[in-house]
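Worksheet for the structure shown next.
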Amino acid sequence: FLGALAALGHASRLRTLPYEGLGPDGEPLATQRVWIGDGDADQVLVLLSAVHGVEGFSGSAIQQDLVRRLASGQVMLPQGLAVVLVHAVNPWGFAWCRRVDEQGIDINRNFVDFSQPPPDNPGYRQLARALVPEQGMPDPADPQLAAYLAEHGQYQFELAVSGGQYEFADGLFYGGLAECQARANMEILLAELDCGNRALAVVDLHTGLGPYGHGEIICDHSPDSPGMEAARRWYGDAVTVPESGASCSVPKTGLLDFAFHQRMGPHSCYVTLEFGTYPISELMRCLREDHSVRRPGQEPFTDPRAEQVREQLKQMFYPAEPQWQSLVLFRGRQVIQLAVQGLMHG
């Protein structure tokens, strides 16, 4: 990523936000913020990668692809538009090939008001130890999970499992009990963006959900909000809304989206660009095994299954196939173009 930036020279300004902790080879960690173009621009395209660490490979690829096209002159920034790249929102998870941070926190469930009691998720509480046992590996065909699914259906099952929980620190989709490091760094960048006085098009790059290679544009703005109206204008019928039940994603608590929503003006929009990989059953199996084998505070991971778990998780969120990678880059370029057109034309 930094090598690609070198070709831009003085056209970009880099800010490094240090991150406490080290990668698996003892390397220092950081989130990089790159500002390309006019620092006073009224319209800003924001691309975020690695909110879920291991998903950062594809996000970084899309960011680098844009940088290279800008550096070569294949694309030009319109007058009044700047680009902000936030590379590795969760650098620890990116380095260790985990979705979560060093505390086991899912960054995309951490943006809640911790001065209030945390959101309650009774469905997850009921399934917690079936999903991630205190000892041993999880059972892919656990009867308790099958019974819950049969009684409540797929949508309610996914809502209970992945909607966000704040009780089981070793569990899936854990939002934490306080602000995590990645959130603290994002709060710094949010203040710098001055969201209320600019028009922003935020594209948060993720992988894992949906059909193989398909890039779904997901919008979590409130149904009648200006942000949702902007999403409809900019991206058309391609936009999906989790609350409607038509998205590959179910509604979730504590999303980074909500921090932007609170600060954005009426001419801004935040979407998640989610690239599908493999079936949800396979994804959940990999996540459950990862949380059983690589628990917070055990780094470096010495369990003999740790490397296998790491490899399969990386494959789940970053298929090493040229066909899939080409689809990701093509769709990434398309959505960036739509976002810029939306910003420039309202």
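The values are calculated or read from the model by the stated rules, or taken from the named source; none is laboratory data. This one's a predicted model, so the numbers in the text were calculated from it and none came from an experiment. Cβ placement follows ideal geometry from the backbone for every residue including glycine, while neighbour counts extend to all protein chains displayed. Accessible surface areas use protein heavy atoms only, side chains included; no ligands, DNA or RNA. Shrake-Rupley method; radii C 1.70, N 1.55, O 1.52, S 1.80 Å.
Of the residues making up region 80-91, just one is open to solvent by 20 Å² or more (accessible area, probe 1.4 Å) and within 12 Å of Val340 (Cβ to Cβ), namely Gly80. Residues that are more than 17 Å from the chain's Cα centre (by Cα) and closer than 24 Å to Pro118 by Cα within region 224-259 comprise just one, Glu243.
Selection of region 179-210 for residues being outside any helix (DSSP H, G or I) and open to solvent by less than 20 Å² (accessible area, probe 1.4 Å) yields Cys180, Ala199, Leu200, Ala201, Val202, Val203, Asp204, Leu205, His206, Thr207, Gly208.
The set of residues in region 74-107 that are of a type in the set (Gly, Ala, Ser) and within 16 Å of the chain's Cα centre (by Cα) comprises Ala88, Gly93, Ala95, Gly104. For region 223-250, the tally of residues that are among the hydroxyl-bearing types (Ser, Thr, Tyr), assigned to a helix (DSSP H, G or I) and touching a strand residue (DSSP E or B) at 6+ places or on another chain (Cβ under 6 Å) stands at 1.
If you go through region 24-47 and keep only what is in a loop (DSSP other than H, G, I, E, B) and either open to solvent by 10 Å² or more (accessible area, probe 1.4 Å) or closer than 24 Å to Pro296 by Cα (or both), you end up with Pro24, Asp25, Gly26, Glu27, Gly37, Asp38, Gly39, Asp40, Asp42.
For region 139-178, the set of residues classified as of a type in the set (A, V, I, L, M, F, W, C) and either at positive phi or assigned to a loop (DSSP other than H, G, I, E, B) (or both) consists of Ala141, Phe168, Ala169, Leu172, Phe173, Leu177, Ala178, listed by residue number.
Selection of region 134-158 for residues being within 14 Å of Asp290 (Cα to Cα) and within 26 Å of the chain's Cα centre (by Cα) yields Pro138, Pro140.
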